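Below is one structure. I have some questions about it.
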Amino acid sequence: MMTVSHSQNLGILLNKLERNFNVTKMADFTHLVNFSESRKLPIHRWLNYREGYSPSLVSYFVKQLSPSNFVLDPFCGSGTSLVTSKYSGCNAYGIDTNPIAILASTVKTQSYNTEDILSIQNIIREILSGYIRAKVKAPNFSSINKVFDAEILADLLSLRQMIINLENKIPPHTYNFIFLAWIAILEPLSYTYKEGNGIKYRKKITFSPCINLHESTIESTLAKNLVQQAFIDKCNEMLQDIEQNCEIPSGSVQIIQGSCLEEIDRIENRLDLVIGSPPYANRFDYFEIYKVELWMSGILKSYEEFRERRKKIIRSNLMTSALDDSIVSIPELEYFINLMNPKSATEKRIVIMLRNYFADMYKLYESSYEKLNIGGKMVLVIGNSAYMNTLVPVDLLLATIASKIGFKEIRINVARTLTTSSQQRLNLNAHVDFLRESILEVIK
């Protein structure tokens, strides 16, 4: 009797599952599922947020709504969905566990007027004209001296202290604006950058002064050092953007810090669109990647606090807690897990992570279904994964979950094939095309 190989079994499972859904390759979406476009666009460009996606993707779905409809991004990140919804006239909710994301989204979606612009300019001039390098204790972050040059670190901390001293003296939205500008210059002034599954190191900083400034912005002659020049450039960029957008009519935005698994049920309004990008089931620690900003800002003060905050994210990495026996069983997931044959401790933890991840995502779809109006849509940017020579079709499995919960008209729009190592590509063989990034679209 001929035995069926692992690859053949995997192919049978993938093809059987895919036949249940409308799966379409959408070349137009290829460049919309990452942050590259946002780095050049007003407001969106204020903070480099690697996990973001294009505002054009949000616009594609938001333009199908009526003004005053309600939109939710359960993983709002740096606010792409919220900013786009706001300036399309829709009302929006955003949820995130990361305090840096909450700050960025809050500042970007704030409504500013000409008085705010003048006030911010004057405060920044006062900060810079009165600058004195002070002895400020560095954060309790073990790698801090590897991240920054000593002189730059001293100037960053001194500038941060001057900003913090103003917290109770100026309006909160003005303070948040200035503080976000300071946070945004940390990465270009450091020896780090965000790449792959974490923080990488480089030999030199990437910041270069801006020479193309609007005539009404902060004078670069106020800068006494590189940190101040970077701060002036970022403030000028942000001020120019709000000057261009302060008179545009817009919808309301409410931002909530916490876990979407807990906070969706507390939203008062019915929703017309849920759109976002959850952490991928790829073992990446999406909280760890922002540790420089979290520690340097003073938001985090201890490793215990860091661990506690990380527990609230979707369980997509190996720091996930032990398997919860009360979670919903997903038979289709178990078919793929049964092909993995985990042996090492790490491989066994991967299996726990996958079960926890899909349990969390089941709860997300369930909560969203309850809040959506009839005809409301849920759109998530999803990435598939592979472990132990076994592809995990996250898009197909989440489509299956959505179907069980009651969603209709399920579409999987394949945006692009994910890059992978040559060894993984060889191991997946005929199934490598399933290692993809998709936009999963479902309707209540």
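Here, each number is a calculation from the coordinates, and none is a lab measurement. Fair warning: this is a prediction, and the values are worked out from it, not measured in the lab. With ideal geometry, Cβ positions are generated from the backbone for all residues, glycine too; neighbour counts draw on all protein chains shown.
Which whole-number percent is the relative contact order of the chain (Cα, under 8 Å, 6+ apart)?
Values: 721 pairs, mean separation 88.8, N = 444.
Relative CO of the chain lands at 20 percent.
Under the definition of Cα pairs under 8 Å and six or more residues apart, what whole-number percent is the relative contact order of the stretch 128-195?
On the way: 35 pairs, mean separation 25.3, N = 68.
That works out to 37 percent.
Still on this structure: Say the cut-off is 28 Å between C-alpha atoms; which of LYS108/LYS146; LYS204/LYS312; LYS169/LYS224; LYS63/LYS200 go over it?
Working: LYS108/LYS146 31 Å; LYS204/LYS312 35 Å; LYS169/LYS224 25 Å; LYS63/LYS200 38 Å.
Table pairs above 28 Å Cα-Cα are LYS108/LYS146; LYS204/LYS312; LYS63/LYS200.
Sticking with this one: Sort out the exposed loop GluC sites (Glu not before Pro) in the chain (DSSP loop, at most 14 other Cβ within 10 Å) and tell me the longest stretch that has none.
On the way: sites that count: GLU167, GLU215, GLU219, GLU247, GLU268.
Here the longest run is 269-444.
Can I ask one more? Any idea how far the Cα center of the stretch 157-175 sits from the one of the stretch 374-400, in Å?
Centre-to-centre (Cα) distance: 43 Å.
Report the relative contact order of the stretch 44-102, percent, no decimals, based on alpha-carbon pairs under 8 angstrom and at least 6 residues apart. Intermediate results must be reported in sequence, preceding the final value.
On the way: 82 pairs, mean separation 21.3, N = 59.
That works out to 36 percent.
If you place +1 on the Cβ of every Lys and Arg, -1 on the Cβ of every Asp and Glu, and leave all else neutral, what size is the dipole of the stretch 114-245 about its Cα centre, to the nearest 20 Debye? Each step should come with its number before you reach the end.
Numbers: 14 positive and 15 negative charges, 177 e Å.
Using only the charged Cβ atoms, the result is roughly 860 debye.
So what does log10 I(q)/I(0) come out to for the stretch 114-245 at q = 0.16 Å⁻¹, using the Debye formula with one equal point on every Cα and no solvent?
-0.84
For semi-axes √(5λ) of the Cα gyration tensor in Å, the listed values are [x] 41, 31, 20; [y] 40, 26, 19; [z] 57, 37, 15; which was obtained by calculation from the structure presented?
The calculated read-out lines up with [y].
Specify which residue in the list CYS260, VAL432, GLN110 is farthest towards the positive end of the charge dipole of the chain, using unit charges on the beta carbon of Lys, Arg (+1) and Asp, Glu (-1), about the Cα centre.
Of the options given, the answer is VAL432.
Place +1 on the Cβ of every Lys and Arg and -1 on the Cβ of every Asp and Glu in the chain, take the dipole about the Cα centre, and give the residue among LEU372, SER302, TYR60 whose Cα lies farthest towards its positive end.
SER302
Another question about this same structure. Just to confirm my numbers, what's the Cα centroid distance between the stretch 107-154 and the stretch 338-360 in Å?
If we compute the Cα centre of each part, the gap is 43 Å.
Under a point-charge model restricted to the Cβ atoms of Lys and Arg (+1) and Asp and Glu (-1), what is the dipole moment magnitude of the chain relative to its Cα centre, in debye to the nearest 20? Walk me through the intermediate numbers first.
Working: 49 positive and 46 negative charges, 226 e Å.
With Lys and Arg at +1 and Asp and Glu at -1, about 1080 debye.
Work out which helices of the chain, taken as complete DSSP H runs, extend at least 20 Å along their axis over the Cα atoms and score a mean Kyte-Doolittle of 0.0 or more, then list them.
Numbers: long enough: 114-129 (23 Å, 0.36); 150-164 (21 Å, 1.23); 226-245 (29 Å, -0.45); 345-371 (39 Å, -0.54).
Span-like helices in the chain: 114-129, 150-164.
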